[in-house]
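The values are calculated or read from the model by the stated rules, or taken from the named source; none is laboratory data. Remember, it's a predicted structure, so these values are computed and weren't measured experimentally. Here Cβ is always computed from backbone atoms with ideal geometry, including for glycine, and neighbour counts include all displayed protein chains.
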Amino acid sequence: MATIEIELFTSKKLKKEEDRHPIYIKVFKGGIPKRKKVGAAFPTEWDDFNKKIKSKGRRDHVTANIHIEDEFAKYKAIFNNLNRSGNDWNAEDVFAENIIAGNDNLTFYRAAENYLSTVDPHSWTYGTAKAKFEKIKRYTKRDFNLEELNDHWIAGFITHCQTKEKDNKGGIGNSKNTINYAIKFIKRVYSFADIENKSLKKHKLSKTKTIKQKLTIEEINAIADLELTPDTIRYHARNIFLVQFYFRGMRIGDALRLEVSEIVGDRLQYSANKTEVNYDMKIVQPCMNILKEYLTGKTNGYIFPFIRNANLKSSELKDEIKNRTGVINWHLKEIAKSVGIVKNVSTHIARHSFGSIADKQLGGNLKQLQGLFGHSSRAMTEGYINDLRATDDLDEAADKVLL
């Protein structure tokens, strides 16, 4: 049996780099391991469960981990192709610079599976990529050679998405952005297989700007002040929405999975599921007032009562989060009606609302906003904030003209 993995090599026989141990990609086949160095770390810096360098104490942890992940993805794709080829091969073949790992007869399905095999199956990225792959399968209904994808194929795929695929509200017809994200996935598969496709290269991804709805602080307070019957689904839906807002626009998936152990005194310490950004934030008093009700008498498990089974498999947990989010969103819309809010209130609005209010309170300080949102770049924060400001600027301009 052949295996490929990332390891921190701790043998005392090997010379260490500045007292750090080498990080290897190790291929094991036929009783003989072969290794390729991709980094170095102290044992205390190494997260052996997630196979990456910890963030604490290493300023270069982001770039170092990206390099490790990229190298592992490249060699795992070669490993997979060799393993599936049916030909005899050795562990050192994976690291041979001149090897072409079965690309001659590589099909799209196999290329997509190669790419997916390098993505963490528990991650948000894997779930969205897998959904796009399934969309492509529904269109083609069969595997196909990579050279078959041409202008005609792309045009047919776009038409299929516009007329056959369900949208996110259960209707028929994907949005322009959804289709573009699917084509972006196709581009990633070809790029990962190191194959150039002229039709994909000239297909420019366009984007339809979506309006990011958000609530004002007055509307947030109106929801917070609404009298609701305790220990009902609507009561819990309102509370988890407010906690999302108070925790800097926390995503609903993270809020549903908040655990008692992540509350340490008056601080929250957790890792965002989508971005893997680690947070250590002060719990503001209105948020603590809500949490105290759920923390009283509870020593472990999820804080909110929406996910009752703590032992769900990853795929089951994703489905449960999706279902619970739908229920919460329905109740939030009813709550909004109760306080006279005509906007389409959902769990996602908590993030936009916090962003908009923070932007105004901080005077547009992008450095502070980037830290609050956990964005990886200033440009990402700037784009996000500009989208939030767009409707406000237009409303203000209309007031000047008409009032």
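Summed over segment 276-300, the residues that are farther than 24 Å from K52 by Cα and outside any loop (DSSP other than H, G, I, E, B) give a count of 12.
The residue that is farthest from the chain's Cα centre (by Cα), counting only those in segment 218-248 that are closer than 26 Å to A272 by Cβ and of a type in the set (K, R), is R238.
Within segment 20-57, which residues are exposed (fewer than 14 other Cβ atoms within 10 Å of the Cβ), of a type in the set (D, E, K, R) and in a loop (DSSP other than H, G, I, E, B)? Residues satisfying the conditions are D48, K56.
For segment 267-275, state whether one or more residues are in a helix (DSSP H, G or I) and either surrounded by fewer than 18 Cβ atoms within 10 Å (Cβ to Cβ) or without any contact (Cβ under 8 Å) to a residue 12 or more places away in the chain (or both). Within segment 267-275 (the criterion being in a helix (DSSP H, G or I) and either surrounded by fewer than 18 Cβ atoms within 10 Å (Cβ to Cβ) or without any contact (Cβ under 8 Å) to a residue 12 or more places away in the chain (or both)), the answer is no, since none of the residues qualifies. Just one of the numbered conditions (1) farther than 23 Å from R248 by Cβ; (2) assigned to a helix (DSSP H, G or I); (3) modelled with pLDDT of 90 or more is not true of S315: (3).
Conditions tested, residue by residue: (1) at pLDDT 80 or above; (2) under 19 Å from V38 (Cα atoms); (3) in contact with a helix residue (DSSP H, G or I) (Cβ under 7 Å, 6 or more places away or on another chain); (4) surrounded by fewer than 19 Cβ atoms within 10 Å (Cβ to Cβ).
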| site | (1), (2), (3), (4) |
| --- | --- |
| I66 | yes, yes, no, yes |
| F79 | yes, yes, yes, no |
| L82 | no, no, yes, no |
| E92 | yes, yes, no, yes |
| N105 | no, no, no, yes |
| Y109 | yes, no, no, yes |
| A112 | yes, no, yes, no |
| G127 | yes, no, yes, yes |
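Counting only residues that are buried (at least 20 other Cβ atoms within 10 Å of the Cβ) and not in a loop (DSSP other than H, G, I, E, B), which one in segment 336-351 is farthest from the chain's Cα centre (by Cα)? Out of the qualifying residues, it is A336. Within segment 67-87, residues that are small (G, A, S) reach partners that are buried (at least 19 other Cβ atoms within 10 Å of the Cβ) and not in a helix (DSSP H, G or I) with beta carbons closer than 8 Å, at six or more positions or on different chains, in the pairs A77/A101; A77/A193; S85/A101; S85/G102.
Residues in segment 274-299 that are farther than 24 Å from H348 by Cα and among the aliphatic types (A, V, I, L, M): L295 alone.
Any chance segment 139-158 includes a residue that's without any contact (Cβ under 8 Å) to a residue 12 or more places away in the chain and within 23 Å of the chain's Cα centre (by Cα)? No, every residue in segment 139-158 fails to be without any contact (Cβ under 8 Å) to a residue 12 or more places away in the chain and within 23 Å of the chain's Cα centre (by Cα).
Selection of segment 306-326 for residues being more than 20 Å from G127 (Cα to Cα) and surrounded by 14 or more Cβ atoms within 10 Å (Cβ to Cβ) yields only F306. From the list N221, N239, exactly one residue is out of contact with any strand residue (DSSP E or B) (no Cβ under 6 Å at 6 or more places or on another chain), at pLDDT 95 or above and in the same structural domain as T325 (by TED's automatic domain parsing). Which is it? Answer to the check: N239. Residues that are modelled with pLDDT under 90 and of a type in the set (A, V, I, L, M, F, W, C) occur at least once in segment 250-261.
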